[in-house]
Amino acid sequence: MTLEEAKAPAQKELPEWIRERAKQHKIAIAPDAVMVLADFIGPNLRLLDNELVKLSLYALRRTITAADVRAMVSDVNEEMFWNLTDGLAQRNPKVPCACMTCGAMKKAQIGLLGAIVPNTAS
């Protein structure tokens with residue numbers, strides 16, 4: 001048996017991956033919910049799969065909607081986190097302020113800062 005490295009699909013290919021994975025799990029998901037989920041999670045396939053299962057339990061056999069995704073899934077797209085940590089490391093006060101006012105970050109602000117500050121303070 002040999003192991004092969006699986007590459008995550010590109011961002012534009014994520015919706016198709018989500019639709020196929022939902023189909024494998026026998027989960028009904030609306031097209032707009034697929035797009036929101038792809039935007040929130042990005043190419044983290046393990047997390048996408050976990051969120052699909054969680055959403056299916058939340059939806060209880062009905063089609064998962066974009067509102068369900070917004071209610072149950074945190075936006076953890078890694079690009080925003082990297083921009084924030086880079087801005088903090090460079091001691092650029094504009095970057096953290098811009099990141100924290102972005103709608104995508106509002107749910108995770110306190111937890112995110114709690115995770116970053118101990119690692120960047122000097």
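So the values come out like this:
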read-out: In order through region 46-58: 3J(HN,Hα) via Karplus (6.51 cos²θ - 1.76 cosθ + 1.60), integer Hz, x for Gly, Pro; value: 4, 5, 4, 4, 4, 5, 4, 5, 4, 5, 5, 5, 5
read-out: Chain lengthening between ARG19 and VAL53 when straightened (0.36 nm per residue, less Cα-Cα); value: 11.0 nm
read-out: Long-range HN-HN contacts of GLY42 with modeled amide H, under 5 Å; value: none
read-out: 5 angstrom amide H check on ILE64, placed H, neighbours 5+ away; value: ALA28, ILE29, ALA30
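Here, each number is a calculation from the coordinates, and none is a lab measurement. Remember, predicted model here, so these are calculated numbers, not experimental data.
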